[in-house]
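Taken together, the values in this text are just the output of simple stated rules run on the coordinates, not laboratory data. Computed from a predicted model, the values in this text were never measured in an experiment. When we count neighbours, we look across all protein chains shown, and the Cβ atoms used for this are built from the backbone with ideal geometry, even at glycine.
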Amino acid sequence: MLRASIAIAAALLLPLSFAHAEGPNLQDPKVKALVDELVVANHILYNQGVVDGFGHISARSPLDSTHFFMSRSVAPSAVTAADIMEFDADGAVVGGDQRAPYAERFIHSEIYKARGDVTSVVHGHSPSVIPYGVSHVPLRPVFHMSGFLGKGTPIFEIRDAAGAEPDTDMLVKTPRLGTGLAQALGKSSVVLMRGHGFTAVAYSVPVAVFRAVYTDQNARIESEALKLGRPQFLSEEEAMNAQTSMEKLSVRSWEMWKVQAASAK
Ligand code: MN
């Protein structure tokens, strides 16, 4: 009787243990909530023009802080909960998942390794931001929404990270290049990538989205201001104060962007 019960219990548990072989365990409510947030974030970033067919957002796993979640290789606008995959600290796919991941997952893995405070990473190629990675004009906070840019934004030079063969295809598709990017980022919230794009990091998915959206807006406003003359930037102190005030309110824009993205579908 006991043996029969154990056999039945084992038979019932077996499918459960394989249920999340592909992607994060959605049976866990914390994981489910984060995956749903990540899906919304993908749609917002597309709707706000921060990503197009390319670009991605990830989140650190709430169950294993060395792991992170990110979509399989599809356009951000098309991402659903079923597309989210789980990766380990080295950017390797977890759980025998055979689906194709993004080539640039090492942007995410190496930043999570280097920055314990970071729980979400956004990478995109906004055209407005590119000029600041290829010129000598620094991207600096020009209005109160982008205080997180602080003293200015570091630039990742992929040739330096690539070493002996500096002529890459510009993609951060090895752990070595990811490490170089994480080093360039340092303690900043945003790093520009020369001739490629940018990466923004934060302590939550909504704040990472907030920073990515306002990095793009800051770049557009700064470029306009530069046409008029020499812009007056926020001081370091102003930037810090503005960041504290505005990021507290970031949920307001998140909720609005969420509705906009949903109605655009
Ligand atoms: Mn890229």
Two-decimal Rg/Rh across the range 2-263, once Rg and the Kirkwood Rh are taken from alpha-carbon atoms: 1.03
Cα-projected label distance for D36 with A81, points at 7 Å along beta-carbon direction, nm: 0.7 nm
Calculated [θ] (222 nm, deg cm²/dmol) that DSSP helices of n ≥ 4 give over the chain, each run adding -39,500 (n - 2.57): -14500 deg cm²/dmol
Calculated SAXS-style log₁₀ I(q)/I(0) at q = 0.17, 0.18, 0.21, 0.24 Å⁻¹ - the range 122-227, Debye, Cα scatterers: -0.73, -0.82, -1.08, -1.35
Pair H125, R176: separation of 7 Å Cα→Cβ label points (nm): 2.4 nm
The range 49-163, Cα convex hull volume normalised per residue, Å³: 145 Å³
Modelled FRET efficiency - R0 25 Å, S73 with V259, Cβ distances, 0.05 increments: 0.35
Using distinct alpha-carbon pairs, which all enter the 1/r mean, Kirkwood radius of the range 62-101 in Å: 10.6 Å
The range 29-53-the range 228-252 distance, computed between alpha-carbon centres (Å): 25 Å
Label point distance in nm, M240-R220, each placed 7 Å from Cα along Cα→Cβ: 3.1 nm
Only Lys, Arg (+1) and Asp, Glu (-1) charged, at Cβ; the range 122-217 dipole about Cα centre in debye: 320 debye
Charge dipole (the chain, unit charges on Cβ, about Cα centre) - positive-most of N47, G147, M246: M246
Förster radius 45 Å - calculated FRET efficiency between A89 and L249, Cβ distance, rounded to 0.05: 0.85
Net charge of Cβ neighbours under 14 Å - reference P62; Lys, Arg +1; Asp, Glu -1: -2
